[in-house]
Each structure stands twice: as structure tokens, then as C-alpha cells.
């Protein structure tokens with residue numbers, strides 16, 4: 001067992017709570033906007049999406065969702081002994097791909 005297992009375990013629990021709060025905020029504001037739209041136009045919805053706080057919530061939500069998932073995959077790979085030789089390579093490739101995905105999503109959200 002690795003020495004940072006306890007930190008990963010703790011991060012998984014904390015990020016799960018943060019994800020629940022951010023998901024509630026995301027769903028609450030989207031549903032509130034859709035229900036209260038009088039005309040139901042796309043421009044009304046874009047007013048919500050372009051708000052700086054909504055962009056911030058979306059970026060933070062994606063960060064926690066991605067890191068929570070990658071740490072979960074890393075924990076699953078730790079449980080299989082036949083992955084010991086290539087586990088580091090697989091884990092690093094996943095983190096590089098996840099970092100690239102996060103940068104792409106962040107740039108896309110900020111451009112909206």
C-alpha cells in the first residue's frame with residue numbers, strides 16, 4: 001500500500017461533498033433559468049451561461065469531477081497486481097490526458 005493512500009482517500013471524500021454541492025448549484029440555476037424563461041429563447045439561456053460566477057462554478061465542477069474520477073481509476077489500478085509494471089505509465093498517461101482535457105474545457109468555457 002502506498003504512503004499517500006490516506007491522502008487520496010481523504011481527497012475522494014472531500015471532493016465527493018464538493019461535487020454534490022456544485023452539482024446542486026449547476027442543476028438549480030439551469031432549471032431555475034429554464035422554468036423562469038418567459039420567451040424561452042436561446043439568448044435568455046446564454047445570459048445565464050455567460051455569467052462569470054456560472055463559468056467559475058462550471059470550471060471548478062469539472063476540475064473536481066475529473067480529479068475525483070482519475071484518483072478513483074488510480075485506486076482501481078492499485079488493486080490489480082498484474083498492472084504493477086505498467087501502472088505508473090497508465091496513471092501518468094491518464095493524468096496527462098486529463099490535464100489536456102481540463103485545459104480544453106476551461107478555454108472553451110471562458111470563450112463562451
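Bear in mind that the values in this text are calculations on the coordinates, not laboratory data. All values reported here derive from a predicted model rather than from experimental measurement. Cβ: placed from backbone, ideal geometry, glycine included. Neighbour counts: every protein chain shown.
Quick notes on this structure:
- Multiplying the residue separation of residue 97 and residue 11 by 0.36 nm and removing their Cα-Cα distance gives an extension gain of 28.9 nm.
- Option label - Cα extents along the principal axes in Å computed here, alternatives [x] 36, 35, 22; [y] 58, 25, 19; [z] 76, 25, 25: [y]
- A crude spin-label estimate for the pair residue 49 and residue 65, with each label 7 Å from Cα along the Cβ direction, gives 1.4 nm.
- The sum of -39500 (n - 2.57) across all DSSP H runs of n ≥ 4, divided by the residue count of the chain, sets its helix-only mean residue ellipticity at 222 nm to -29000 deg cm²/dmol.
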